[in-house]
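The structure appears below as structure tokens.
The values are calculated or read from the model by the stated rules, or taken from the named source; none is laboratory data. Note that the structure is a prediction, hence the values are computed from the model and not measured. Positions of Cβ are backbone-derived with ideal geometry, glycine not excepted, and every protein chain shown enters the neighbour counts. Quick note on the areas: whole protein, heavy atoms, side chains included, nothing else; ligands and nucleic acids left out. Shrake-Rupley method; radii C 1.70, N 1.55, O 1.52, S 1.80 Å.
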Amino acid sequence: MYEDLKRKYNPEGSALRRDQKELFRMLKIVADICKENNIQWWLSSGTLLGAARHQGFIPWDDDMDIVLLKKDYRRLEKILCNFKSDEFVFHCMKTDVDYVNSFGKFRKRHGAIQSSSHRYAYYKWKGIGFDIFAIEKTNYFSALMADKLYSRMQWKTLHIDTPWIRKPLIRIIEFFNFGLLFPVLKFIGLINPHKEYHYTLGSGWPNHIFYLKHTFPLTTAEFEGEQMPVPKDMDAYLTNVYGDWRKLPSEEDIKKAIHCQEYRDEIYGKDQ
């Protein structure tokens, strides 16, 4: 069954398969950096689902996600921000004002994907890349409120095409949230009887809940023919986030999950 999905969505030679292979090559570069610096990371979200269900990319997936504890993320962020490469860049708030996400992306400097996001047009770099998230100990309420407050405030900068107005406003919103609001929410997040971890405040996806008891010690799972680090209890995390994760989504949901128009056109035709 899974071979049929690959033939339909990401056969060898397709644009999607080409970029999946490139993302995996990029992941291994970051993995080597982490190994050299004794930094723990693991597959997360749809990438972990792909490892568990497909032993690699979900056939229609055009993204990749890894996660680290916040203290390890800070170390990796510092290393990647100083990473000297003509090919890759760590795209984050520190390297590009217009990148407003509180998680980083290891991205190709050159090239561009077809994105429907208006903000994408402002970015310094637009090549393919994968997301690097951090998690911190906090509760669902704090994660949810941080997401709503920050995303709604930054939404106001989305259609300001004048850089000298947009960029200072982005920084003001970041200071207001990260410097004033989030410390209050972090304090509220101490009310945490279940010892939940969430993506760092402002990252989004508050429904993604991590428990260290399900995560460590890390183990490995096959992903694209190689062993990659994963939580010790993949099922617990995937069930919490996706429910019956072994069940394939509908064709309509698959179509919605494909972000890049180039891949959609290749799979479904330009008339779709």
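Let me know the shape class of segment 177-272, please: from the alpha-carbon gyration tensor, a ≥ b ≥ c as square roots of the eigenvalues, rounded when a/c is under 1.5, otherwise prolate if a/b is greater than b/c, or oblate.
Oblate shape, in that a/c is at least 1.5 and b/c is the bigger or equal ratio.
Using a probe of 1.4 angstrom, how much of the accessible area of segment 78-196 is carbon and sulfur, in percent?
For segment 78-196, the apolar C and S fraction of the accessible surface comes to 64 percent.
Per residue, how many Å² of accessible area does the chain show with a 1.4 Å probe?
Here the per-residue accessible area is 51 Å².
Taking 0.36 nm per residue of sequence separation and subtracting the Cα-Cα distance, how much length would be gained by fully extending the chain between Leu5 and Ser151, in nm to one decimal?
Answer, rounded to one decimal: 49.1 nm.
More than 20 angstrom separation, counting every C-alpha pair in segment 136-216; what % is that?
The proportion of pairs with Cα distances above 20 Å equals 39 percent.
Provide, in order from the shortest bin, the percent of all Cα-Cα pairs of segment 12-160 in each 10 Å bin, continuing until the bin that contains the maximum pair distance.
10, 37, 38, 14, 1
Counting only the heavy atoms of the protein chains, how much of Ile191 is accessible to a 1.4 Å probe, in Å² to the nearest 10?
Spelled out: Ile191, probe radius 1.4 Å, area about 120 Å².
Mind ranking His214, His208 by accessible surface for me, highest first, 1.4 Å probe?
His214, His208
Any idea what Rg and Dmax come out to for the chain if you just take the C-alpha atoms, in Å?
My reading of the Cα-based Rg and Dmax gives 18.6, 53 Å.
Measuring from centroid to centroid over Cα atoms, what is the spacing of segment 136-196 and segment 47-64 in Å?
29
Points 7 angstrom from Cα along the Cβ direction at Asp235 and Glu262: gap in nanometres?
4.0
What net charge is computed for the residues neighbouring Lys94, neighbours being all others with C-beta under 15 Å from the C-beta of Lys94, Lys and Arg scored +1, Asp and Glu -1?
So the surrounding residues net to +4.
Could you sort out which of Lys84/Lys195; Lys21/Lys105; Lys108/Lys186; Lys126/Lys167; Lys108/Lys195 sit more than 27 Å apart by Cα distance in this structure?
Lys84/Lys195; Lys108/Lys186; Lys108/Lys195
Please list, in order, the residues from segment 56-90 whose amide nitrogen is less than 18 Å from a point placed 7 Å along the Cα→Cβ vector of Thr220.
56-57, 67
State, to one decimal in nm, how far the label point of Lys71 lies from the label point of Lys35, with both points 7 Å from Cα in the Cβ direction.
2.4
State whether segment 92-229 is rounded, prolate or oblate according to the following rule on the C-alpha gyration tensor (a ≥ b ≥ c being the square roots of its eigenvalues): a/c under 1.5 gives rounded; otherwise a/b larger than b/c gives prolate, and the remaining case gives oblate.
oblate
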